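K.L.:
Handing you this structure, nothing more for now.
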Amino acid sequence: MSWFKKENAAPAKVAQINDPSRKLRTEGLWLKCEGCRQIIWKKDLESNWNVCPKCGAHMRMDAAARLKLLFDGEYERFDTELRSSDPLDFFDSKPYRERLDGMRMATSLSDAMISAAGAVAGRRVHICSMEARFIGGSMGCVVGEMITRAIERSMARRIPLVIVSASGGARMQEGAVSLMQMAKISAALMRLDEARVPYISVLTDPTTGGVTASFAMLGDLNIAEPGALIGFAGPRVIEQTIRQKLPDGFQRSEFLLKHGMLDAVVPRLELKSYISTALRFFVD
């Protein structure tokens, strides 16, 4: 017989459940707003087109969601077979060809853009939507060719063109071939203007580098989403170069509108109706 007796014996261990189907999964179901820092249920955010229901902050969207937001319903896609030829045989931390293959697997896109035609409020419109997840939405030879073909298609069919930009600029892995797309697209847009076919440019967060320096700022109407970062060089690069502190909100869409660089800043939920109204003004 033991000298000591435990009055409060430890409870028996509960067997652990190893069945994955019985475990509660919460990872990825909640997101933190980049504006108000509040925790938001992911489905609530997606149902509101990635606009925070609490503070109205505009979070980034993928290219397919953009098209779903703007088109009335079904749309026709073009140039899905285009692929980069890796003209420089570029290699950084991995071969450029491997990077492209990985991006195609991750996004199910051939490159950083979807080119499509459909109806916007009943009017036939051609929309090019950039995909920021594909190497930062950078513009290479494929993106340049897709936009140029969209411009030529708009001229041939005499339907308005809308380009939704979301890009870090020209793609360094393609060197001068990438930079050439700036002049190529700008020349095609001049022909579109001479044909009197309207072009609306929509700038979203971020729109920088060679994209800003070319087609993103060449629209008959240049509009942007609230809070979008728009510029050529980034604010940190500019501060380091001029060794001065930049004004609050520098390179954000509201700052550019105030200084005459944009025609309007339009909330995402009003974007479709705004474009539709603008096209009636241009075409009717």
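K.L.:
Which one of M190, A176, L45 is farthest out on the positive end of the charge dipole of the chain, using unit charges on Cβ (Lys, Arg +1; Asp, Glu -1) and the Cα centre as origin?
P.N.:
L45
K.L.:
Please report H259, H126 as a ranked list, fewest other C-beta atoms within 10 angstrom at the top and most at the bottom.
P.N.:
H259, H126
K.L.:
Can I ask one more? In a Gaussian network model over the chain where Cα atoms closer than 10 Å are linked, find which of C36, C128, C52 has the largest mean-square fluctuation.
P.N.:
Its mean-square fluctuation being the largest, the pick is C36.
K.L.:
Ranked by Cβ crowding within 10 angstrom, fewest neighbours first, how are D62, D205 ordered?
P.N.:
Taking fewest neighbouring Cβ atoms as first place, the list is D62, D205.
K.L.:
Can you work out the FRET efficiency for the pair R157 and Q38, with r the C-beta to C-beta distance and R0 = 51 Å, to the nearest 0.05?
P.N.:
0.65
K.L.:
Something else now. Any chance you could count the Lys pairs in the chain whose alpha carbons are under 21 Å apart, treating pairs 8 or more apart or on different chains as valid?
P.N.:
Total qualifying Lys-Lys pairs in the chain comes to 13.
K.L.:
As an exercise, identify the trypsin sites (Lys or Arg not before Pro) in region 219-284 lying in DSSP coil whose Cβ has no more than 12 other Cβ atoms within 10 Å.
P.N.:
Filter output for region 219-284: R243, K245.
K.L.:
Hey, another quick one. Using a simple spin-label model with points 7 Å from Cα along the Cα→Cβ vector, what separation in nm is obtained for L29 and A121?
P.N.:
4.0 nm
K.L.:
Okay, next question. Can you figure out the FRET efficiency of K245 with A187, using R₀ = 35 Å and their beta-carbon distance, to the nearest 0.05?
P.N.:
Step by step, r from the Cβ atoms, then E = 0.35.
K.L.:
Under the 0.36 nm per residue contour assumption, what length would be gained going from the current alpha-carbon distance of A233 and A65 to full extension?
P.N.:
57.7 nm is the gain from fully extending A233 to A65.
K.L.:
Within 10 Å of each candidate Cβ there may be at most 14 other Cβ atoms; applying that plus a DSSP loop requirement, which GluC sites (Glu not before Pro) in region 49-153 survive?
P.N.:
E74, E81
K.L.:
Can you sort R133, R77 from fewest to most other Cβ atoms within 10 Å of each residue's own Cβ?
P.N.:
Result, fewest neighbours first: R77, R133.
K.L.:
Could you give the dipole magnitude of the chain about its Cα centre, charging the beta-carbon of Lys and Arg +1 and that of Asp and Glu -1, in debye to the nearest 20?
P.N.:
With only Lys, Arg, Asp and Glu charged at Cβ, the dipole is about 940 debye.
K.L.:
What is the Å³ per residue value for the convex hull set by the Cα atoms of the chain?
P.N.:
242 Å³
We did not get these values from a lab; they are worked out from the coordinates using the rules stated. Please read all numbers here as calculations on a predicted model, not as lab measurements. With ideal geometry, Cβ positions are generated from the backbone for all residues, glycine too; neighbour counts draw on all protein chains shown.
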